[in-house]
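Each remark here refers to the structure printed beneath this line.
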Amino acid sequence: VDTTRIRNFSIIAHIDHGKSTLADRILEVTKVITQREMREQYLDKMDLERERGITIKAQTVRIPYRAADGAEYVLNLIDTPGHVDFSYEVSRSLAACEGALLVVDATQGVEAQTLANVFLALDNDLEIIPVLNKIDLQSADPDRVKQEIEEGIGLDTSEAMNVSAKTGLGVDLVLEAIVKRLPPPKGDREAPLKALIFDSWYDSYQGVVVLFRVVDGTMRTGQKLRMFSTGAEFEVTRLGVFSPGPQDVQDFGPGEVGFLCGAIKDLNEARVGDTITTAAKPATEPLPGFKEVKPMVFCGLYPVDANDYEQLKNALEKLQLNDAAFTFEPETSQALGFGYRCGFLGLLHMEIVQERLEREFQVELIATAPSVVYKVERHDGTTFSIDNPSKLPKQQDTAALYEPFARVEIHVPNEYVGNVFKLCEEKRGIQKDIKYLTATRVIITYELPFAEIVYDFFDRLKSGTRGYASLDYELIDYRASDLVKLDILLNGDPVDALAVIVHRDKAYYLGRDVALKLKKVIPRQMFEVVIQAAIGAKVIARERVAPLRKDVIAKCYGGDITRKRKLLEKQKEGKRRMKRMGNVELPQEAFLAALKAG
Ligand code: GDP
Ligand code: MG
């Protein structure tokens, strides 16, 4: 392909502003997919994505396009996820592009993720085309939103387009703007091959599939390639593009985006951010890679049935092939037995991984409450990190505890400012800045303990602002905090999997609340269950679950047979999510009691 005829672009937007819908219309207008094949959010391939209506993995598609000037162009569209947990996927995709369509919902305006994505695009030197979407809606106010973009972001909107991704209005203009306003890729065809890996995954038929963008040089099938960082060499057996299904291609030149398959053993040999070169004429310098992403939220995952341990291990390994940001290592809990400590970018990422494990790999799990990574300082001044509250040493053995802090930016209409302040103060926040984006929209900046965000912050923020607030955060540093471990004891035994680390000021309240919640979710058993919450040796709350009266089942006998069966089935159903702690049966909800407390 002639390099001057290539346009590589992403669509960036705040969640729900319509980027997947715009991608759908672009695919339809250019006839990459026919109307018959069309289903909503075409690029969101995973079932889970479709159900939750969000994009998790970035997707690429090659779009042949005959422009108004009569020339044939190749547009490579790279769809990106919009949620804050997945911003690492966004930045990877942007590194493969020259330009981005910035979609802003004309009924809403500039939101936290709009701004965050624009900054990512600017970091990657992308040309940005503003697109005002949902113009078909009565409440659309494109002029106001343009002003927000001009004032809040500093982008010129004189050529911004009014579009309805739903009806297709204005989509032709967007395609022309991509061709006219985005620069073609630059690159030296004669130079040694340099291609950037921006995604890779494991496919059960193809093996490892690598998504890349050629920067310099050329690539063709049969060639022997080398991965820059590991030196691993392999022969390319297949080159192709998605358009939208896979199509074979013989060779690639500068600026082209495609996938390759070859004799690559595992994903560690095709690391995202690495540079592909040739074995015969290797490049001397790699391309700048990506910042490594570190999981920030951890939880324990345990099979409900201990016999499923190996199956869980297999599932985790498979899943990691498709999700480099997710980590796991074996862990043993006195209470839960053998399982894994798993690391995630955020809470949404965690929920999605858990759901995928259960859905795609049929493993039933007990998940412990999520925890952030704390730093512990010993009396001799040395420090270490813990990602599991049960690993916190006794108070007398620690000199200080540190927790991660995040800088949080919240966009909100001014009538909800008071509610946001209240929530942030309650969450131990430190106010940093307030500025007006427009006369009615405010940007509030706080520094908050990351743990407070991980728990129920999003939900509380949404409900306190009738869904109007949006948020972006970034971790900034670790700070000393007065933290304690809250232990939960069942019939006198501490249950390691129920321990949480909390701020001392909140421990008392949380302890009582967790004990109450547990009382509600622990089913009555044949004996009394005493629930205690304790800090160190000090018990701060006590509840009891009275023993089951033996005649509950007996009463059903002789009665209606279907009712009896129903009861037994219900019990069986309940069992599936139970774990035995000593002799007490605990349902999954028990492990999330601390999360839902407060
Ligand atoms: P994304 O999160 O940015 O990918 O947003 P989606 O494309 O999933 O769109 C979010 C919601 O807005 C969906 O319910 C879409 O049907 C709707 N939507 C997207 N574009 C338009 C539009 O131009 N007009 C209207 N009325 N609704 C739209
Ligand atoms: Mg989407």
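The values are calculated or read from the model by the stated rules, or taken from the named source; none is laboratory data. Computed from a prediction, not measured in an experiment: that's the story for all the values here. Here Cβ is always computed from backbone atoms with ideal geometry, including for glycine, and neighbour counts include all displayed protein chains. Side chains included, ligands, DNA and RNA excluded: accessible areas come from the protein's heavy atoms. Shrake-Rupley method; radii C 1.70, N 1.55, O 1.52, S 1.80 Å.
Things to note:
- Dividing the mean sequence gap of close Cα pairs (under 8 Å, 6+ apart) by how many residues the chain holds gives a relative contact order of 10 percent.
- Straight-line cross-link reach from residue 375 at under 17 Å between alpha-carbon atoms covers these aspartates and glutamates, not counting any fewer than eight positions away in the same chain: 387, 397, 403, 452, 477, 482.
- Legend: residue pairs 294/318; 294/506; 146/432, Cα-Cα distance threshold 22 Å; pairs beyond threshold, 294/506; 146/432.
- Antiparallel DSSP beta bridges within the chain, percent to nearest 5: 85 percent
- Between the Cα long axis of helix 171-181 and the first principal axis of the chain there is an angle of about 70°, rounded to the nearest 10.
- Reachable aspartates and glutamates, given that their alpha-carbon falls under 18 Å from the alpha-carbon of residue 281 and they are not under 8 places away in the same chain: 188, 190, 216, 233, 235, 251
- Compactness of segment 250-379 - radius of gyration and Dmax, Cα, Å: 18.8, 63
- For residue 166, a cut-off of 18 angstrom between C-alpha atoms picks up these aspartates and glutamates, skipping any fewer than 8 places away in its own chain: 16, 24, 28, 37, 40, 44, 79, 105, 136, 141.
- Unsatisfied cross-links (Cα-Cα over 29 Å) in the set 19/313; 31/194; 435/517; 391/538; 391/422; 31/462: 19/313; 31/194; 435/517; 391/422; 31/462
- Cβ-based net charge around residue 250, under 11 Å, with every Lys or Arg adding one and every Asp or Glu removing one: 0
- Relative frequency of Cα-Cα separations exceeding 38 Å in the chain, percent: 41 percent
- Length-normalised contact order for segment 130-271 - Cα pairs under 8 Å, 6+ apart - percent: 19 percent
- In segment 347-384, trypsin sites (Lys or Arg not before Pro) in a DSSP loop with at most 14 other beta-carbon atoms within 10 Å: 378
- Placing +1 on the Cβ of every Lys and Arg and -1 on the Cβ of every Asp and Glu, with nothing else charged, gives the chain a dipole about its Cα centre of roughly 2440 debye.
- Alpha-carbon centroids, segment 346-423 and segment 244-274: separation in whole Å: 36 Å
- Between 0 and 90°, nearest 10: helix 112-123 axis offset from the chain longest Cα axis: 50 degrees
- For segment 487-545, chymotrypsin sites (Phe, Trp or Tyr not before Pro) are listed when DSSP marks them as loop and at most 13 other Cβ atoms sit within 10 Å of their Cβ; the list is 527.
- Positive-end residue, the chain charge dipole about Cα centroid, Cβ charges, pick of 15, 193, 91: 15
- Loop trypsin sites (Lys or Arg not before Pro), segment 462-529, which have at most 16 other Cβ atoms in a 10 Å radius of their Cβ (DSSP): 466, 524
- As a fraction of the 1.4 Å probe accessible area of the chain, surface on carbon and sulfur atoms comes out at 49 percent.
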